[in-house]
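So the structure is just underneath, and the comments pick up after that.
The values are calculated or read from the model by the stated rules, or taken from the named source; none is laboratory data. Not measured: the values here are computed from a predicted model. We place every Cβ from the backbone using ideal geometry, glycine too, and count neighbours over all the protein chains shown. For the accessible areas, the whole protein counts, side chains as well, though only heavy atoms, and no ligand, DNA or RNA atoms are used. Shrake-Rupley method; radii C 1.70, N 1.55, O 1.52, S 1.80 Å.
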Amino acid sequence: KMEMIIKDIIEMDVKAVTFSGGGEPLLYKSLPTHIEQLSEAGIKIAALSNGMNLKGKMAAAFAKHASWIRISLDAWDDESYAKSRSVKIGDFSRLMENMREFSLLNSKCVLGVSYVIDQTNYKYLNQICQLLHEIGVQHIKLSGTVISNSIQENNRYHNKIFDKVTLNIQNLIEEYKNTNFQIVNHYHKTNENFLKDYSRCLFQNYLTVIGADQCLYTCQDKAYSQHGLLGSFEEIGLKNFWFSKDNQDTLKNFNPTQLCQHHCVSHSKNLLLNEITSVNPDHSAFV
C-alpha cells in the first residue's frame with residue numbers, strides 16, 4: 001500500500017514530502033527505498049522524528065536525499081527524557097549518539113532539533129544547546145508549549161517564566177551567532193485570538209496530511225480527527241481521491257470561521273494567501 005501511495009505522490013506533481021506523525025516514520029523499514037524513489041522523481045524530502053532510528057540505512061538515506069530532518073526533543077538528559085517519553089533510561093544518550101554519527105556524515109541534509117519550552121525544561125536551555133552544538137546539530141527551534149485553546153490560559157502559564165526565558169534566548173543567540181549552530185527563536189506570547197475572519201483555508205491545498213489509516217486530513221492540527229477528515233483513499237487511491245469532485249468540494253467548503261476556533265500553525269499563511277487571492281485568484285499560482 002505504501003508503494004501505491006508513493007506512486008500516486010510522484011504522479012500528482014507533488015513538490016515536497018515531509019514524513020512525520022505519532023507513528024514515528026523512521027520505524028518503517030521500507031522508508032529508505034521510498035525516500036530514494038521520491039528523490040529520483042525530483043521530490044524534496046524532509047522528516048520530523050524522535051530520531052531513535054536515525055542510524056544505518058535510514059540515516060544514509062536521509063543524508064543522501066533529504067533536505068532536512070528535525071528531531072523532537074523536550075528533555076535535557078537521560079532521566080528527563082525517559083520521564084517525558086515513557087522510554088528506557090539511556091535512550092537519550094543513544095539519541096545523542098545517533099545525531100552525532102549523522103552529523104559526521106557531512107551531508108547537505110540539515111539536522112535540527114525542536115525544543116518546546118515549559119515551566120520545567122526552560123532551566124536547561126544552556127545545557128541542551130551546549131550539548132547539541134558539541135555533537136554537530138545545526139540548529140535548535142525554540143517554541144512555547146500550548147496548554148489550552150484559551151489565549152489567557154496560555155499566557156498565564158508562560159508569564160511565570162517569560163522574562164527569564166526571553167533574556168536567556170537573547171543571550172544564547174549572541175553566544176552562538178558566530179558558530180555553525182543557530183538559535184531559531186519562536187518563543188512568544190499568544191497575542192492574537194483564535195477567531196478566523198476568513199472563510200476558506202487555502203493552505204490545505206499546499207500542505208495536507210496523509211494518515212497511516214489511508215485517510216486524508218486537512219492539516220496536522222486536525223489529523224486523525226473527525227473535523228479534519230477529508231475522506232478515505234483506500235479503495236480508489238490517493239491521486240483519484242485528491243482530484244475527485246467530492247474532495248475538491250470539501251476543500252472548497254471547509255470554513256475556518258466555524259471549524260477552526262483554536263490555535264492554528266498556518267494562520268499567518270492563510271492570512272497572506274487570502275489577501276493574495278482576494279486581489280486576483282490567478283495569483284495563487286505564484287505563491
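Using a probe of 1.4 angstrom, how much of the accessible area of the chain is carbon and sulfur, in percent?
50 percent
Listed here are the pairs Lys7/Lys141; Lys44/Lys239; Lys44/Lys196; which of them are more than 25 Å apart at the Cα? Could you put the intermediate results ahead of the total?
Values: Lys7/Lys141 33 Å; Lys44/Lys239 19 Å; Lys44/Lys196 31 Å.
Where the Cα-Cα span goes over 25 Å, the pairs concerned are Lys7/Lys141; Lys44/Lys196.
Under 13 Å from a point 7 Å along the Cα-to-Cβ line of Asn171: which residues of region 122-150 have their amide N that close?
Output list for this probe position: 123-127.
Once the Cβ-Cβ distance between Gln127 and Lys88 is put in as r, and R0 is 22 Å, what FRET efficiency do you end up with, to the nearest 0.05?
E(calc), rounded to 0.05, equals 0.55.
Go through 231-242, 137-148 and give me the packing order, highest mean Cβ count within 10 Å leading.
Details: 231-242: 15.8, 137-148: 18.2.
Final packing ranking: 137-148, 231-242.
Which three lengths, in whole Å and largest first, does the chain cover when its Cα atoms are put on their principal axes?
53, 46, 36 Å, listed from the longest principal axis down.
Ignoring everything but the protein chains, give the 1.4 Å probe accessible area of Leu195 in square angstrom, nearest 10.
We get 110 Å² for Leu195.
Largest first, how would Lys189, Lys222, Lys15 line up by accessible area (1.4 Å probe)? Numbers along the way, then the final one.
Working: Lys189 80, Lys222 10, Lys15 140 Å².
Largest to smallest exposure gives the sequence Lys15, Lys189, Lys222.
Report the extension gain between Ser67 and Asp246 in nm, rounded to one decimal, defined as 0.36 nm multiplied by the number of residues separating them, less their alpha carbon distance.
61.1 nm
In Å², and per residue, what accessible area does region 118-250 have when probed at 1.4 Å with the other protein chains present?
Solvent-accessible surface per residue comes out at 58 Å².
With each pseudo-label sitting 7 Å past Cα toward Cβ, what's the Ala212-Leu195 distance in nm, one decimal?
Simple spin-label model gives 3.9 nm for this pair.
If the chain between Lys29 and Glu153 were fully stretched, how many nm would it gain, using 0.36 nm times the residue separation less the Cα-Cα distance?
40.5 nm
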